[in-house]
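The values are calculated or read from the model by the stated rules, or taken from the named source; none is laboratory data. Quick caveat, the model's predicted, so the values are computed rather than measured. Cβ coordinates were reconstructed from backbone atoms using ideal geometry, including for glycine residues, and neighbour counts include every protein chain displayed.
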Amino acid sequence: MTDNQPASSESPRVADRIDTSVPHSARFWNYLLGGKDNYEPDRQVGDYIKEHMPGLVDVARTSRHFLARAIHYLVVEEGIRQFLDVGTGLPTADNTHQVAQRAAADCRIVYVDNDPLVLAHARALLTSSPEGATAYIDADVRDPVGIIEAAAETLDFDRPVALVLMGIMGHIEDFAEAKSLIQRLLAPLAPGSFLVHYDGTNTSEQMVAAEEEYIASGAVPYYVRSPEQIEAAFEGLELVAPGVVRLPEWRPEFGELQGPAGVDAFGGVGRKPRRPRP
């Protein structure tokens, strides 16, 4: 464990920020993934989705497999040893640091989230190999400058870093703003850095209905994108083959293909050019 410690889970400041009376995005996702860190309002929405909109459950599960394949690829094939995971969510199986440090023990990972429940569980995220490091930052994706400044205590921004944005930018309603935030997070990263990004997509009526149900539940709103918008988020980057695709289609050779091929979520991995483009 590193010297970068989060606020204690017993901290009154953290506890006071946790509202168990309404559905919560991190707890809701945790329930869909089979976790236990959730409450009755989260389970009620989750059960409705499972019965009427199982495609959203497929997104939750296939996104975890996509994350594992992408992180493994970056460590093994690209030699990346630093990761900035923004919008971490609650700990579950195969978190970023676990996948990365299994492949290379010296990997350094910084998790970022502004969610009080995630902060309360941050100690589980901070378990690191002795050779590497993990840290947790209590910050909002809308504050790229603050994120980079805090992450610089653990990461060396003169060397490549993989920016990980897993299903987080859908919480930004305006796509232009979401795209701008991504570019601002990428700007300080060294050439040869990477972006790992996915979001849910409006590629079926069921997914659009799930979005509406989710927003109506009282949870933090999430807005599905078009596949074209997901690809536009990689503007200025060199896409790693096979490009921006449905999640199960991204390099299934790095892990068992699980989930339906038609899952309503697109993502990809892009490289920041090593030399400025003319």
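Between Phe66, Phe83, Phe28, the distinction of being at pLDDT 90 or above, in a helix (DSSP H, G or I), closer than 20 Å to Val112 by Cα and aromatic (Phe, Trp, Tyr) belongs to Phe66 only.
Across segment 194-205, what is the number of residues that are over 17 Å from Ala68 (Cα atoms) and surrounded by 15 or more Cβ atoms within 10 Å (Cβ to Cβ)?
5
Among the residues of segment 31-55, which ones are at pLDDT 75 or above, touching a helix residue (DSSP H, G or I) at 6+ places or on another chain (Cβ under 9 Å) and of a type in the set (Asp, Glu)? Answer for segment 31-55, where residues must be at pLDDT 75 or above, touching a helix residue (DSSP H, G or I) at 6+ places or on another chain (Cβ under 9 Å) and of a type in the set (Asp, Glu): Asp42, Asp47.
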